[in-house]
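All remarks here apply to the structure that follows.
Nothing in this text is a laboratory measurement; each read-out follows from the coordinates by a stated rule. From a predicted model like this one, the values you see are computed outputs, not experimental measurements. Backbone-built Cβ (ideal geometry, glycine too); neighbour counts: all protein chains shown.
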């Protein structure tokens, strides 16, 4: 019988931003093998309908699942918000972990008084997944949401600091700072946003904690694998990268998110 622990972990996102989640996964699970798919031909997911996002997510899950994975991590807040049920049906016995629930846990921990702000894509905000997940954990929490769609484009272009992203950040975030009851924490409800974290932190100031679901998701993945006795402990293989468009650009910009060199020759172009 094959050793299930030797199977890789699959990760997918609408583009490159999910590499922030994969970076955390690789740090928390250094013995694991990974397959990452960035659906770069069809990003962003955040402005698309729930039905379209679900259809895309199922296609991504099937492509990653073809690599005989033991766990699928949905490193996309939009897909996590609308498609987890469909993905569970698609993958059957293979566990599926999204980023919304771990992000909500982290938000509750960062906001003792329950004053929480969530910034995300238009689709994630409209779906209200973070609001529901946070309210389930703390029914008395005060939650405000703000769509910040241009952050995705800035991150994908590698414009993570300087005058342009700061002006965009002030446009989005200064209304939150002007609220009568300033939020205690700001949930970065899109996996692209951590690339802009330093600049966002400067705009909101040190009093507002930034919550990145990547770390919490990685810890949740580690716990899940441990509970199922599926952790791999030996030397890992290099991660496999799949992209639906522009492998060269995926490698160049992806380094910002992953924190390590990506060779464009190691990025496989796939057609969904």
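So here's what we get for this one:
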item: The chain: most fluctuating residue of 262, 164, 143 per GNM, C-alpha cutoff 10 Å; result: 164
item: For the stretch 40-156: Kirkwood Rh in Å [reciprocal of mean 1/r, alpha carbons]; result: 15.0
item: Most mobile of 179, 208, 199 in a GNM of the chain (Cα contacts under 10 Å); result: 179
item: Approximate spin-label separation residue 41-residue 181, in nm, with each point projected 7 Å along Cα-to-Cβ; result: 4.8
item: Net lengthening on full extension, residue 51/residue 248 (0.36 nm per residue, minus Cα-Cα); result: 67.9 nm
item: For the stretch 200-256, radius of gyration divided by Kirkwood radius, i.e. Rg to Rh on alpha-carbons; result: 1.12
item: Principal-axis tilt of helix 50-65 within the chain, Cα atoms, nearest 10 degrees; result: 40
item: Scaled radius of gyration (Cα, divided by 2.2 N^0.38 Å) that the stretch 100-213 gives; result: 0.98
item: The stretch 108-158 shape via C-alpha gyration tensor axes, a/c threshold 1.5; result: prolate
item: Potential lengthening between residue 164 and residue 62 on full extension [0.36 nm per residue; Cα-Cα distance subtracted]; result: 32.9 nm
item: Over the stretch 52-130, relative contact order from alpha-carbon pairs under 8 Å, at least 6 apart, %; result: 31
item: Within the chain, helix-based [θ] at 222 nm, where runs of 4 or more DSSP H residues each add -39,500 (n - 2.57), nearest 500; result: -13500 deg cm²/dmol
